Amino acid sequence: MTGTSTNPGLALLFIPGTLFWVLVLAGIFTKNTFMIGGAVVLFVVTAVGAITIKARASSARNAERLRVWQGGTPGRARIVTIGTKGGGINGHPNIDFDLEVTLPGQEPYRVQVTSLVSKLAIPRVQPDTQIDVRVDPANKLNVLIDAALTPYGYE
């Protein structure tokens, strides 16, 4: 997938977080256990809501990857450069790719893609290496690298 964005929904957690501390402190100073209990309930509801938001976003990203992988245009890409800003999951790094994508019957074009790459596949994603890609027919900048290079695949 291309690019990253911030999640404005998580910024909304500031309000219940602030209210939580107000209730806790007010409950402590006034010795009102109902305020502290309300703060705990607010905390639990907020935590469950945040987890639900993240799970739905992750599910949507996975569905989009599956859609592009199954219905996208197969192509080849030459890795021009790779880099990382850090981050990853379970030791698998997020890699920033600068790719030169070639689709059948079209001129090659450059695109930048960030993808989680299996730590076992790192030797296979070096500059000047050719990899398989799938390109979203609706947006040629939406490029997925070969599922075999990722820890999650697209099946």
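The values are calculated or read from the model by the stated rules, or taken from the named source; none is laboratory data. Because the structure is predicted, anything quoted here is derived from the model rather than measured. Please note: Cβ atoms are built from the backbone with ideal geometry, for glycine as well, and neighbour counts cover all protein chains shown.
Could you list, in sequence order, the residues of segment 75-95 that are surrounded by fewer than 14 Cβ atoms within 10 Å (Cβ to Cβ) and of a type in the set (D, E, K, R)? Within segment 75-95, Lys85 is the sole residue that qualifies. Tell me the residue from Gly17, Gly37 that is of a type outside the set (A, V, I, L, M), modelled with pLDDT of 85 or more and farther than 27 Å from Leu144 by Cα, please. After applying the criteria, what remains is Gly37.
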